[in-house]
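The values are calculated or read from the model by the stated rules, or taken from the named source; none is laboratory data. Computed from a predicted model, the values in this text were never measured in an experiment. Reconstructed Cβ throughout: ideal geometry from the backbone, glycine too, with neighbour counts over all protein chains shown.
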Amino acid sequence: MHSALKNRISGPFLVVMGVAGCGKSSLGQRCAEALHIPLLEGDNFHSATSINKMRNGTPLDDVDREAWLDLLAQQLQKHPGGVVLTCSALRQRYRNRLRTAVPGLRFVFLDLTQEQARERVASRAAHLFPVSLVASQFATLEDPSLEPGVLRLDASRPLEQLLPEVVGWAQVAVSVNPQEA
């Protein structure tokens, strides 16, 4: 990150992450509104090729995700006042790639069971992600719970309970050390 950009950072910088169906978009939107910062919907930055692969029931692999993660990292850097990004961020190396772009980046991990994810994805009409890919997400997921700057939450809880917990956690991070929010 350029030093001029780093000096302007006020944060918070959050990634709402987890497998398909965990509620990333819903919680991310509410967090961005509550924190008065922009929302970046990670799915909007997938290439047409990746979108077609997912729609056709083919899971993305590390190669498919490389350019996407680079683009997300660039987008994070374009928001020095803070931002909420929704992104599956399934592997630690994906999260580390984003952390390199914004040191101190924090992750809200929405955890749920594979059955819960399947039910939620099945209930979404016209979404790019089919139920058949849920198992591949769980196979790829590397639990981030022991990494620094991660808040693990039960995704089956109502948004009304999750939101104040995330907002409070994000605000404490900024007030404690705004350069590392």
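Residues of the range 19-34 that are in a helix (DSSP H, G or I) and of a type in the set (A, V, I, L, M): L27, A32, A34. Here L71 does not qualify as at pLDDT 95 or above, assigned to a strand (DSSP E or B), in contact with a helix residue (DSSP H, G or I) (Cβ under 7 Å, 6 or more places away or on another chain) and not small (G, A, S). For the range 35-64, taking the residues that are of a type in the set (G, A, S) and farther than 24 Å from Q92 by Cβ, the one that is modelled with the highest pLDDT is identified as A48. Could you tell me whether the range 84-106 includes any residue that is part of a loop (DSSP other than H, G, I, E, B), surrounded by 22 or more Cβ atoms within 10 Å (Cβ to Cβ), modelled with pLDDT of 90 or more and in contact with a Pro (Cβ under 8 Å, 6 or more places away or on another chain)? So far as the range 84-106 goes, yes, one or more of its residues are part of a loop (DSSP other than H, G, I, E, B), surrounded by 22 or more Cβ atoms within 10 Å (Cβ to Cβ), modelled with pLDDT of 90 or more and in contact with a Pro (Cβ under 8 Å, 6 or more places away or on another chain). Among the residues of the range 47-67, those identified as assigned to a helix (DSSP H, G or I) and touching a helix residue (DSSP H, G or I) at 6+ places or on another chain (Cβ under 6 Å) are S50, D64.
For (1) in contact with a Phe, Trp or Tyr (Cβ under 8 Å, 6 or more places away or on another chain); (2) free of Cβ contacts under 8 Å to residues at least 12 places away in the same chain; (3) closer than 25 Å to G11 by Cα, each residue gets a yes or a no:
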{"residue": "K53", "(1), (2), (3)": "no, yes, no"}
{"residue": "D61", "(1), (2), (3)": "no, yes, no"}
{"residue": "D70", "(1), (2), (3)": "no, no, yes"}
{"residue": "T100", "(1), (2), (3)": "no, no, yes"}
{"residue": "A125", "(1), (2), (3)": "no, yes, no"}
{"residue": "V131", "(1), (2), (3)": "no, no, no"}
{"residue": "E142", "(1), (2), (3)": "no, no, no"}
{"residue": "P148", "(1), (2), (3)": "no, yes, yes"}
